[in-house]
Amino acid sequence: MNPAARLAELKAADLLRRRRLAGTPCGPEMLIDGKPMLSFASNDYLGLAAHPRVVDAASRGLLQWGVGAGASEYLGGHFPPHRELEAALAAFVGAEKALHFATGYMANIGVVPALVERGDALFADKLNHASLIDAVRLSLADGHRYPHLDLAVLEGQLAASRARQRLIVTDAVFSMDGDLAPLIELLALAERFDAWVLIDDAHGFGVLGPQGRGCAAHFGLKPTGRLVLMGTLGKAAGVAGAFVAGDADVIDLLEQSARTAIYTTGVPPGLTFALLESLRLIEAGDDLRAHLQALITRLRAGLEPVCARKGWRLPASPTAIQPVVIGGNEETLAVADALMERGIWAPAIRPPTVPAGQARLRISLSASHGEMQIDELIGALTEIAS
């Protein structure tokens, strides 16, 4: 391995990543690398990351339970607040039971290998999140990738499989495109071919469905039977962590075999106070979701003529994720830099996060944004594109 040579290759291809320093709490207006910025970079879709009620709940929880769990939840680190949170999450999404994880990444790479193993078969959308891609590799099952949302190819793969157990894994809302997986059709295929479906609802939980219950609820489904749901708690919920919900026997199995739940120190129990308060705000947050939807409509109406004129692409997305696909790495970086010069932060996303030739701005909206801030972004991109 030659680190210097590899870094030089990444730089030449305009693929170097950079961690910018955020000098203020998460919000629509932040200090980024010491400069005031209007931010469209976070996944804090409902503006709960710094909500006073959530912060107050976290403070009360930390005062009561301290700042650490001290051990794995299987070695003394499982506390009453953990159990209360799991019960509340299961009830919220309509599942029999839920299991709490430290992060969504840890949930996926723990759950998939616990559900399938060598000799089984996995079927995954090509645009799945990196955590699901890594989970497939770790499982040792036979992996099959199908083109994005191509159910005809998936059907053929399922029909040809002779595996003893089959698992379909998919993002519910795709993190770089903002489009939705066809969950009803996927579940119908699972029924036909005796398969399970695991959905990663990182970007739907809190935003989609009645009372923000997520993408499954958006389609009138619950995580029961063949459907297993993973939801993250660091995006619309505004805090940190994740959970997996499903039938009790599925979650009981995960409690016995998901290594990222068993072999890691438990989440600080005081933090669950913040998550429980966030869950209450999500359930009562129809006004937040209505405002967010209005902002999405306003942004798309303003950007559609700009993209059409410039040859950029604005994929159909009903969610807070609104990508502007520019194409080349160099041009995408130039547009992102031009926005930053105007005090706007909309990250440039390049391969391997997205396919080659599909570099983009990933614009993330939040209910904490205002209409004037959306108009400021539209005006800046209009000026840059002219």
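The values are calculated or read from the model by the stated rules, or taken from the named source; none is laboratory data. The model shown is predicted, which means the values in this text are computed figures rather than measured ones. With ideal geometry, Cβ positions are generated from the backbone for all residues, glycine too; neighbour counts draw on all protein chains shown.
Scan ALA114, ALA88 and give me the residue that is closer than 25 Å to ALA320 by Cβ and touching a helix residue (DSSP H, G or I) at 6+ places or on another chain (Cβ under 8 Å). Spell out how you get there, then give the answer.
Numbers: ALA114 fails: closer than 25 Å to ALA320 by Cβ.
Only one candidate passes the filter, namely ALA88.
Candidates in region 52-79 are the residues that are hydrophobic (A, V, I, L, M, F, W, C) and closer than 13 Å to VAL239 by Cβ; of these, the one that is farthest from the chain's Cα centre (by Cα) is LEU62. Any residue at all in region 109-120 that is farther than 16 Å from GLN165 by Cα and of a type in the set (D, E, K, R)? Scanning region 109-120, I find no residue that is farther than 16 Å from GLN165 by Cα and of a type in the set (D, E, K, R), so the answer is no. Considering region 295-330, the residues that are polar (S, T, N, Q) and touching a strand residue (DSSP E or B) at 6+ places or on another chain (Cβ under 6 Å) include one that is farthest from ALA12 (Cα to Cα), namely THR319. Just so you know, in region 64-101 the residues that are of a type in the set (A, V, I, L, M) and modelled with pLDDT under 95 include one that is farthest from GLN256 (Cα to Cα), and it is VAL67.
Only one of the numbered conditions (1) over 19 Å from the mean Cα position of the chain (by Cα); (2) at pLDDT below 95; (3) of a type in the set (Ser, Thr, Tyr) is not met by SER161, and that is (2). I'd like to know if region 194-216 contains one or more residues that are at pLDDT 95 or above, surrounded by fewer than 22 Cβ atoms within 10 Å (Cβ to Cβ) and under 26 Å from VAL354 (Cβ atoms). Checking region 194-216: not a single residue is at pLDDT 95 or above, surrounded by fewer than 22 Cβ atoms within 10 Å (Cβ to Cβ) and under 26 Å from VAL354 (Cβ atoms).
Candidates in region 302-322 are the residues that are within 23 Å of the chain's Cα centre (by Cα) and within 20 Å of MET372 (Cα to Cα); of these, the one that is surrounded by the most Cβ atoms within 10 Å (Cβ to Cβ) is ALA320. Tell me, please, whether a residue that is basic (Lys, Arg), free of Cβ contacts under 8 Å to residues at least 24 places away in the same chain and over 17 Å from ALA236 (Cβ atoms) can be found in region 294-309. Yes, region 294-309 contains at least one residue that is basic (Lys, Arg), free of Cβ contacts under 8 Å to residues at least 24 places away in the same chain and over 17 Å from ALA236 (Cβ atoms).
Screening region 238-253 for residues that are part of a strand (DSSP E or B) and touching a Lys or Arg at 6+ places or on another chain (Cβ under 9 Å) and picking the one that is nearest to ALA57 (Cα to Cα) gives ALA245.
Condition (residue is closer than 15 Å to PHE205 by Cβ and in a loop (DSSP other than H, G, I, E, B)) applied to region 302-323: is it met by at least one residue? Yes, some residue in region 302-323 is closer than 15 Å to PHE205 by Cβ and in a loop (DSSP other than H, G, I, E, B). Of all residues in region 217-227, those satisfying the criterion of being on the phi < 0 side of the Ramachandran plot and either among the small types (Gly, Ala, Ser) or surrounded by 24 or more Cβ atoms within 10 Å (Cβ to Cβ) (or both) are ALA217, PRO223. Here LEU253 meets the list (1) in contact with a Gly (Cβ under 9 Å, 6 or more places away or on another chain); (2) of a type in the set (A, V, I, L, M); (3) in the same structural domain as THR103 (by TED's automatic domain parsing) almost entirely, failing just condition (1). Hey, does region 30-44 have a residue that's within 30 Å of GLN322 (Cβ to Cβ), aromatic (Phe, Trp, Tyr) and either surrounded by fewer than 20 Cβ atoms within 10 Å (Cβ to Cβ) or assigned by TED's automatic domain parsing to the domain that holds ASP375 (or both)? Checked against the condition, which is being within 30 Å of GLN322 (Cβ to Cβ), aromatic (Phe, Trp, Tyr) and either surrounded by fewer than 20 Cβ atoms within 10 Å (Cβ to Cβ) or assigned by TED's automatic domain parsing to the domain that holds ASP375 (or both), region 30-44 yields at least one hit. Looking at region 128-233, the helices (runs of 4 or more DSSP H) lying wholly inside it that each contain 1 or more residues that are β-branched (Val, Ile, Thr) sit at 130-139, 151-160, 183-192. If we scan region 327-337, do we find a residue that is in a helix (DSSP H, G or I), of a type outside the set (D, E, K, R) and under 23 Å from the mean Cα position of the chain (by Cα)? Among the residues of region 327-337, at least one is in a helix (DSSP H, G or I), of a type outside the set (D, E, K, R) and under 23 Å from the mean Cα position of the chain (by Cα), which makes the answer yes. Taking (1) among the small types (Gly, Ala, Ser); (2) closer than 30 Å to LEU365 by Cβ; (3) in contact (Cβ under 8 Å) with a residue 60 or more places away in the chain in turn, GLY220 satisfies each apart from (3). Taking the criterion of being crowded, with 16+ Cβ neighbours inside 10 Å and either more than 17 Å from LEU279 (Cβ to Cβ) or in the same structural domain as ARG342 (by TED's automatic domain parsing) (or both), the residues of region 56-68 that qualify are LEU62, TRP65. Filter region 350-375 down to the residues that are in a helix (DSSP H, G or I) and surrounded by 15 or more Cβ atoms within 10 Å (Cβ to Cβ) and list them by number. Of everything in region 350-375, those that are in a helix (DSSP H, G or I) and surrounded by 15 or more Cβ atoms within 10 Å (Cβ to Cβ) turn out to be GLN373, ILE374.
For (1) out of contact with any strand residue (DSSP E or B) (no Cβ under 7 Å at 6 or more places or on another chain); (2) outside the structural domain of GLY311 (by TED's automatic domain parsing); (3) on the phi < 0 side of the Ramachandran plot; (4) at pLDDT below 95, each residue gets a yes or a no:
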{"residue": "ARG342", "(1), (2), (3), (4)": "yes, no, yes, no"}
{"residue": "TRP345", "(1), (2), (3), (4)": "no, no, yes, no"}
{"residue": "THR353", "(1), (2), (3), (4)": "yes, no, yes, yes"}
{"residue": "LEU361", "(1), (2), (3), (4)": "no, no, yes, no"}
{"residue": "SER364", "(1), (2), (3), (4)": "no, no, yes, no"}
{"residue": "ALA367", "(1), (2), (3), (4)": "yes, no, yes, no"}
{"residue": "GLN373", "(1), (2), (3), (4)": "no, no, yes, no"}
{"residue": "GLU376", "(1), (2), (3), (4)": "no, no, yes, no"}
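Within region 113-135, not a single residue is touching a residue at least 24 places away in the same chain (Cβ under 8 Å), buried (at least 21 other Cβ atoms within 10 Å of the Cβ), under 19 Å from PRO269 (Cβ atoms) and in contact with a Ser or Thr (Cβ under 8 Å, 6 or more places away or on another chain).
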